[in-house]
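Chemist: The structure under discussion is supplied below as C-alpha cells; questions concerning it will follow.
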Amino acid sequence: MNIVVCIKQVPNTNEVKIDPKTGTLIREGVPSIINPDDKAGLEAALRLKDSQGAHVTVLTMGPPQAETALREALAMGADEAVLVTDRAFGGADTWATAHTIAAAVEKLPYDLIITGRQAIDGDTAQVGPQIAENLNIPNISYAEEIKVEGEYVTVKRQFEDRYHILKAKMPCLITALSELNTPRYMTPGGIVDAYQKEIKKITRADLDVADGDIGLKGSPTRVVKTFTKSPKAAGTLVSNLNSQEAADYILEKLKEKFII
Amino acid sequence: MNIQDYKGIYVFIQQVDGKVAGVSHELLGKARELAQKMETKVTAVLLGYQVSGLCGDLASYGADKIVLVDNKDLEIYSTRPYAYAVCKVIEHFKPAVLLYGATAIGRDLAPRVAAKIRTGLTADCTKLDVADDGTKNLLMTRPAFGGNIMATIICPDYRPQMATVRPGVMQKIKPVEDASAPVDSFAVEIPESMKDVQILGVVKKESHKIDIQDAKILVSGGRGMGGPENFKMLEKCADVLGGTVSSSRAAVDAGWVDKDIQVGQTGKTVRPNLYLACGISGAIQHLAGMEDSDFIIAINKDETAPIFDAADYGIVGDATKIIPIFTEEVKKALADRKK
C-alpha cells in the first residue's frame, strides 16, 4: 500500500506576535513546526506501515526551508519525501494550492492520501477536500480512527454531535484530526538516516498544469486588507477583595445589568 | 465567465435529521442584510429527503425563495452526493453569493464544490459586508494565525463568491410568523459514481445539555479551576443562573471536560448575554471565541491575565473560593425576589 501524507510547515502560532507599529506578523525568531493535524496524519500512516506494511511518502508544498519539516517526517519513519517548490507556486490560495498539490501527487503511486484537517496558521480545512476533488477520488474529513482492510478504508468521521462510520474503496483521501493519536518522537537513528536521504523536488516544469491555475494568478481569492482587531475599551479591574466581597461585587454587577 | 449573469444571495441550509442548523438561520438573517445592500434576493438551498416541511421555517427566517433538492440519496449527509447536487444548483441558478455554515458539514462540502466549480472560498468568516466601490463584491473577513490577525478577502473574478461562516457570529432575524416563500423543486439525479462512500453507521453522542452556542449565560472554567472536581461548582453556579458550563482549551486538553463545551479558535464561538470566566487566563485563541459576548466578568488569580483586557469587570481572586459563595448569594437574591 502506498500512502502519501501531505504536511505543511507552519509558524508556532502560540508564539506569533504582531508588530504594533505596522500591524503585521513578526515571523523572525518564531519556530516552525509540522502542523499538528498533519503530524497526526503522518503518525496514522506510520501506524498502518507498522501494522500491515506500507510505503509512506511525505509531501509538502512550500519554500526551500520547508525541507526541515520533511526531514523531521523522515526521522519519524517516513520512507520518502517530496518538496513541491517553485516561485511560480507562490501566493497561492487554497484553490491553487490544492490544484498544484494534486498535480504533484499524480506523479506518485498512491492508494491512500492523508492530510491534516486544517493548518493552524490558516485554519481553512479546505486543501484536503480540494485535492480529492482535483484527483476525482472520495474524501473523508475529520477522521478520528482509520482502519484499512484489503482495498477498503474504514473511518470514524467526527461531526459536532455524532460520528459516522464510513467505508470507501481506495484510492481515497482522509483528513486527520489531531485527536487521532499522539505522534511518535524522532529517533536518533532516524535523524541520522533522515539527513542521508535525498528529498525529491518537484517544480513548475515537472507539472502538467496551466499558468493560469497556479500561484497568485491561479487564485480566485484576493486579500484586500489585513489588520489586528481594535482592542475593546478597558474594563474595570478590582483586586484586594476577599472572597465574600468578590461574590457580592459580581452579584451587584449582574443586578445592574438586569441579568439577575 | 460573465459575472453579471450571477445574481442573488444563496444560503446552503444544513439540515440533519430534519432539523435546520442554527447557523443556517443566522446566515439567512445576514443574507437579508447583504441582499439589501446588493439590491437582490435571498434564496435558501435545501437538500435532503422528505424535508419540504422545513420550507415555512426558512421563509420565516428570511428566505425570499427556496430551492429544494429532495432525493433519497441526500437523506444522510455524504460529501460527494451533496457536492454534486450543490454544483448542479450553482450551474442552473447562477448565484452571485453562496454561504455555508463553517460546520463539520459545511467545511467538508464547500471546498469540494469550490474546487469543482473553480471559484474562491473563504473559510470560517466572522464578518461579511458589501464593497461600496461600485463592484458590490462580497467582503469576507476572517481571523488567521490563531486570531492574531484579521484578513478581508474578495473573490472578484469568479462566481459564486463563497464563504463558510462561523456559527454563533451572525444574528438571526426574529422569525416572521406565517411567512411563506415560493419553492422551486429542483430534481437532481446522483450518479452511482458519486456514491463512493458507504455509511456503515451513525452514532449520536449522548448529550442532554444545551449547546454552549445557544446558551444565554455561560459559566466558563479554565486551568485555574485546578481539576475536574471543581467544575461541579461551576455546574451548580450555572444551574442557579439558568446557564450552562463551558471551558477553555486548557481544561479540555487536561481531560477535565468534553471538547464539545470548548470555547475558542479550535472550539466554538459564543456570544451569550453573560460570560463568567473562572480561572481562564485568556489566550488569544480563547478570546477570539468569546470576546463578542454582551457582558464579560472574569475571575483570575493573576492580575496580568489577558482575560482582564476583554472583561467588563475583572476580579483578582481565586474562582474556586469565590464561586461557591457567589452561587449561594445568587440563590438568596432569587429567593428574596420571590417573597
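Chemist: Convert each backbone phi in region B:49-56 into a coupling constant with the Karplus relation 6.51 cos²θ - 1.76 cosθ + 1.60 (shift: θ = phi - 60°), then list the ³J(HN,Hα) values in order as whole Hz, x for Gly and Pro.
Modeler: Coupling constants for region B:49-56: 10, 6, 10, 4, x, 8, 4, x Hz.
Chemist: Express in nm, to one decimal, how much length is gained between residue A:193 and residue A:240 on full extension, taking 0.36 nm for each residue of separation and deducting their alpha carbon distance.
Modeler: Numbers: separation 47, 0.36 × 47 = 16.92 nm, distance 5.88 nm.
Roughly 11.0 nm would be gained on extension.
Chemist: Grab the other residues whose beta carbon is less than 11 angstrom from that of residue B:188, score K and R as +1, D and E as -1, and report the net. If you can, show how the numbers build up before the last one.
Modeler: Numbers: positive: B:88; negative: B:70, B:73, B:91, B:189.
Around residue B:188, the charge tally is -3.
Chemist: Follow-up question, since we're still on this one. State the answer as a single residue: which of B:15, B:198, B:244 lies farthest towards the positive end of the charge dipole of chain B, with beta carbon charges of +1 for Lys and Arg and -1 for Asp and Glu, about the Cα centre.
Modeler: B:198
Chemist: Something else now. Which whole-angstrom value gives the distance between the alpha carbon centres of region A:131-147 and region B:83-112?
Modeler: 18
Chemist: Could I ask something else about it? Hey, in the GNM for chain A with a 10 angstrom Cα cutoff, which one of A:56, A:127, A:223 fluctuates hardest?
Modeler: Of A:56, A:127, A:223, the Gaussian network model singles out A:223 as fluctuating most.
Chemist: Further question on the same structure: Rounded to the nearest 5, what % of DSSP beta bridges with both residues in region B:123-255 are antiparallel?
Modeler: Numbers: 9 of 14 bridges.
So the antiparallel bridges amount to about 65 percent of the total.
Chemist: How big is the gap, in Å, between the Cα center of region A:152-168 and the Cα center of region B:38-53?
Modeler: If we compute the Cα centre of each part, the gap is 27 Å.
Chemist: Further question: Can you pull the one-decimal nm distance between simple spin-label points at residue A:228 and residue B:5, each 7 Å off the Cα toward Cβ?
Modeler: So the label points at residue A:228 and residue B:5 sit 4.6 nm apart.
Chemist: What does the net charge come to around residue B:159 if you take all other residues with beta carbon closer than 15 Å to its beta carbon, with K and R at +1 and D and E at -1?
Modeler: Numbers: positive: A:222, B:7, B:94, B:116, B:118, B:136; negative: B:5, B:91, B:157.
Surrounding charge for residue B:159 is +3.
Chemist: On alpha carbon coordinates alone, what is the Rg over Rh value for region A:2-213, Rh being the Kirkwood radius?
Modeler: Values: Rg = 16.8 Å, Rh = 17.5 Å.
Taking Rh as the inverse mean 1/r over Cα pairs, Rg/Rh reads 0.96.
Chemist: OK, next. Across the residues of B:116-127, average count of Cβ atoms on other protein chains within 10 Å? Could you put the intermediate results ahead of the total?
Modeler: Details: counts 4, 3, 5, 3, 7, 8, 7, 7, 6, 0, 1, 0.
Per residue, the number of nearby Cβ atoms from other chains is 4 on average.
Chemist: State, to one decimal in nm, how far the label point of residue A:65 lies from the label point of residue B:203, with both points 7 Å from Cα in the Cβ direction.
Modeler: 4.3
Chemist: Here is a follow-up. Quick one: helix B:106-117 against the long Cα principal axis of chain B, what's the angle to the nearest 10°, folded into 0 to 90?
Modeler: Helix B:106-117 sits at roughly 30 degrees to that axis.
Chemist: Given Cβ point charges of +1 (Lys, Arg) and -1 (Asp, Glu) and nothing else, what value in debye, to the nearest 20, does the dipole of region A:150-239 about its Cα centre take? Could the numbers behind the result be given before it?
Modeler: Values: 15 positive and 10 negative charges, 72 e Å.
The calculation lands at about 340 debye.
Chemist: Another question about this same structure. Hey, what angle do you get for helix B:319-338 against the long axis of chain B, alpha-carbon based, 0 to 90 degrees rounded to 10?
Modeler: Long axis of B:319-338 versus the principal axis of chain B: about 80 degrees.
Chemist: Assuming a ≥ b ≥ c are the square roots of the Cα gyration tensor eigenvalues, decide whether chain B counts as rounded (a/c under 1.5), prolate (otherwise, with a/b larger than b/c) or oblate. Intermediate results must be reported in sequence, preceding the final value.
Modeler: Working: a/c = 2.04, a/b = 1.83, b/c = 1.12.
It is prolate, given that a/c is not under 1.5 and a/b is the larger ratio.
Chemist: Another one. Starting with the fewest neighbours, write out A:164, B:286 ranked by other beta-carbon atoms found within 10 Å of each beta-carbon. All intermediate terms of the calculation are to be shown ahead of the outcome.
Modeler: Values: A:164 21, B:286 28.
Going from sparsest to densest Cβ surroundings: A:164, B:286.
Chemist: In the protein assembly as shown, with Lys and Arg counted as +1 and Asp and Glu as -1 at Cβ, which of these residues, A:70, B:40, A:171, has the Cα nearest the positive end of the dipole, that is, farthest along it?
Modeler: B:40
Chemist: Quick check: Cα centre of region A:85-112 to Cα centre of region B:310-333, how many Å?
Modeler: Using only Cα atoms, the two centres lie 53 Å from each other.
Chemist: What is the set of long-range amide H partners of residue A:162 at a cut-off below 5 Å, with H atoms built 1.01 Å from backbone N?
Modeler: Excluding prolines and chain starts, which carry no amide H, the hits are B:205.
Chemist: Choose one answer from B:314, B:134, B:222: the residue with the largest mean-square fluctuation in a GNM of chain B with alpha-carbon springs under 10 Å.
Modeler: It is B:134.
Chemist: If we count every other residue with Cβ under 10 angstrom of residue A:155's Cβ, Lys/Arg +1 and Asp/Glu -1, where does the sum land?
Modeler: Once positives and negatives cancel, what remains is +2.
Chemist: Quick one: what do you get for region B:3-194 if you divide its Cα Rg by 2.2 N^0.38 Å? Working shown, then result.
Modeler: On the way: Rg = 15.4 Å, N = 192, 2.2 N^0.38 = 16.2 Å.
It is 0.95.
Chemist: Follow-up question, since we're still on this one. If I take R0 = 51 Å and measure r between the Cβ atoms of residue A:185 and residue B:131 in this structure, what FRET efficiency does the formula 1/(1 + (r/R0)^6) give, to the nearest 0.05? Walk me through the intermediate numbers first.
Modeler: Details: r = 49 Å, r/R0 = 0.96.
E(calc), rounded to 0.05, equals 0.55.
Chemist: Next up: Using a 10 angstrom cutoff on alpha carbons, build the Gaussian network for chain A and name the most mobile of A:201, A:107, A:225.
Modeler: Fluctuation is largest for A:225.
Chemist: Please compute the Kirkwood hydrodynamic radius of region B:217-338 from all pairs of different C-alpha atoms, in Å with one decimal.
Modeler: Values: mean 1/r = 0.0715 Å⁻¹.
Over region B:217-338, the inverse of the mean reciprocal pair distance is 14.0 Å.
Chemist: Evaluate the charge dipole of region B:3-194 about its Cα centre and quote only its size in Debye, nearest 20, assuming +1 on the Cβ of each Lys and Arg and -1 on the Cβ of each Asp and Glu. Show your work: numbers first, answer last.
Modeler: Values: 22 positive and 22 negative charges, 89 e Å.
So the magnitude is around 420 debye.
Chemist: Which of B:152, B:185, B:67 sits closest to the plus end of the dipole of region B:3-194, meaning its Cα is farthest towards the positive end, when Lys and Arg get +1 and Asp and Glu get -1 on the C-beta?
Modeler: Going by the charge dipole, the pick is B:152.
Chemist: Explain nothing, just compute: Karplus ³J(HN,Hα) = 6.51 cos²θ - 1.76 cosθ + 1.60, θ = phi - 60°, for every residue of region B:273-278 in order, whole Hz, x for Gly and Pro.
Modeler: The phi angles translate into 5, 9, 10, 9, 8, 10 Hz.
Chemist: Per residue of region B:222-228, what does 6.51 cos²θ - 1.76 cosθ + 1.60 with θ = phi - 60° give for ³J(HN,Hα)? Whole Hz please, x for Gly and Pro, Karplus curve as stated.
Modeler: With coefficients 6.51, -1.76 and 1.60, one gets x, 4, x, 6, x, x, x Hz.
Chemist: Evaluate E = 1/(1 + (r/R0)^6) for residue A:144 and residue B:214, where r is the Cβ-Cβ distance and R0 equals 22 Å; express this FRET efficiency to the nearest 0.05. Show your work: numbers first, answer last.
Modeler: On the way: r = 25 Å, r/R0 = 1.12.
Rounded to the nearest 0.05, the efficiency is 0.35.
Taken together, the values in this text are just the output of simple stated rules run on the coordinates, not laboratory data. In this text the structure is predicted, and so the values were computed from the model without any measurement. All Cβ positions, glycine included, derive from the backbone under ideal geometry; neighbour counts span all protein chains shown.
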